[in-house]
Amino acid sequence: QVQLVESGGGLVQAGGSLRLSCAASGRAFSPYTMGWFRQAPEKEREFVATMSWSTTRYYADSVKGRFTIPRDNAKNTVYLQMNSLEPADTAVYYCAARKESTTTTTASLYPYWGQGTRVTVSS
């Protein structure tokens, strides 16, 4: 069992930056593939970024070039660095984990989820 706790959300102006953190506890963190998803009001949850323990990364087209997903295995923490934020990035952001080493954009393949952290980007 893995417990995930996100932090770092808040209100930011368009063009600004935020860094979300996801701290994991409960089991060895390193082999896990980590993912970030988001859900805007009245919309489906969507994939944002994922990173395997071997540092393979994959990003949604909507965030490519603006977001990165650094990972610190020594701290059992994965981050979502968000730059050049746009109002369309406003959502609740969720961290997720899966034991498999392959990355995936499918939310249902991640059994472990955090509680979410809200990001609001004002225009």
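The values are calculated or read from the model by the stated rules, or taken from the named source; none is laboratory data. In this text the structure is predicted, and so the values were computed from the model without any measurement. Cβ coordinates were reconstructed from backbone atoms using ideal geometry, including for glycine residues, and neighbour counts include every protein chain displayed. For the accessible areas, the whole protein counts, side chains as well, though only heavy atoms, and no ligand, DNA or RNA atoms are used. Shrake-Rupley method; radii C 1.70, N 1.55, O 1.52, S 1.80 Å.
For this structure, a couple of remarks:
- Rounded, prolate or oblate (a/c below 1.5 giving rounded, otherwise prolate when a/b exceeds b/c) for the stretch 49-102 by Cα gyration tensor: prolate
- Whole-number accessible area per residue in Å² for the chain, which is evaluated in the context of all protein chains at 1.4 Å: 50 Å²
- Accessible-area composition of the chain, carbon plus sulfur, in percent [1.4 Å probe]: 48 percent
- A simple rule links phi to the HN-Hα coupling: the Karplus curve 6.51 cos²θ - 1.76 cosθ + 1.60 with θ = phi - 60°, which for the stretch 96-104 gives 9, 9, 9, 6, 5, 7, 8, 6, 8 Hz, with x for Gly and Pro.
- Taking every C-alpha pair closer than 8 Å and separated by at least 6 residues, the mean separation divided by the residue count of the chain gives a relative contact order of 37 percent.
- Within-12-Å neighbourhood charge of Ser84 [Cβ basis; K, R +1; D, E -1]: 0
- Loop-located trypsin sites (Lys or Arg not before Pro) in the stretch 1-71 (DSSP state other than H, G, I, E, B) with a sparse environment of at most 13 neighbouring Cβ atoms within 10 Å: Lys43, Lys64.
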